Amino acid sequence: MQWYAVYTKPKREDAVAGSLENAGIEVFNPRLKQKKYMQGAYRNKISPLFPCYVFVKFEPETTSHMIKYTRGVKRVVGGDFPWPVSDEVIDLIRNQEEDGIIAIKPPQLKYGDSVAINDGPLAGLKGIFEKELSGQERVVLLLSAVEYQARVVVDKAFLVMA
């Protein structure tokens, strides 16, 4: 048996995975943990690593019909001749998991690094890394504007190297 990618309806990954697992079919539905700014606070959000996709291990000749007609499934990637996903790719993703969830680690920064803010209320701004605050979740950046510079404190998870 080989792994195949199954395209699901939006936000139906868990339902599809549950239905197929209940039918005795092996399913891999990798999850991602990210810190997001929601409703005025920073919260950990767990969401699909690949939205609208789950990986399913099956024999296309015998199980394709059942997979295609599972509630929430749009199609098997590749149609009538599904495209296999190698075991190495599945293993690579699984090796990144901890307790079934992949966590994105913020970049390791040093004084003077140029960074961009990719989430939160200051998304889109660029600055220079100055220092980490206690707990290593928040950092101080020096933002440059046209005529002045300002220091701001942002969540480290919102930064990418610029």
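What follows is calculated from the coordinates using simple rules that are stated; it is not laboratory data. It should be emphasised that the depicted structure is a prediction, and the values quoted were computed from it without experimental measurement. Cβ atoms come from the backbone with ideal geometry, glycine included; neighbour counts cover every protein chain shown.
Within the shell defined by Cβ-Cβ distances under 13 Å, the residues around P51 carry a net charge of +4, with Lys and Arg each +1 and Asp and Glu each -1. Working note: Cα gyration tensor of region 34-162, eigenvalues times five, square-rooted, sorted largest first, giving semi-axes of 42, 15, 14 Å.
The chymotrypsin sites (Phe, Trp or Tyr not before Pro) of region 1-98 that meet both conditions, a loop assignment by DSSP and at most 13 other Cβ atoms within 10 Å of the site Cβ, are Y69.
Here the ratio of the Cα radius of gyration of region 114-161 to 2.2 N^0.38 Å is 1.04. In plain terms, the residue of E130, E98 with the fewest other Cβ atoms within 10 Å comes first and the most crowded comes last, giving E98, E130. Counting charges near N118 (Lys, Arg +1; Asp, Glu -1) among other residues having Cβ under 14 Å from its Cβ returns a value of +2.
A simple charge model with +1 on the Cβ of Lys and Arg, -1 on the Cβ of Asp and Glu and nothing else charged puts the dipole of region 2-103 at about 840 debye relative to its Cα centre. Here is the link list: K36/K110; K68/K105; K33/K131; K35/K131; K35/K126. Which ones come out longer than 30 Å on Cα distance? Those over the limit are K68/K105. A Gaussian network model of the chain, with springs between Cα atoms under 10 Å, assigns the largest mean-square fluctuation among E137, E13, E61 to E61. Normalised by 2.2 N^0.38 Å, where N is the number of residues, the C-alpha radius of gyration of region 2-103 stands at 1.14. Scanning the chain for trypsin sites (Lys or Arg not before Pro) in DSSP loops with at most 15 other Cβ atoms within 10 Å, what's the longest stretch left with none? The answer is 12-70.
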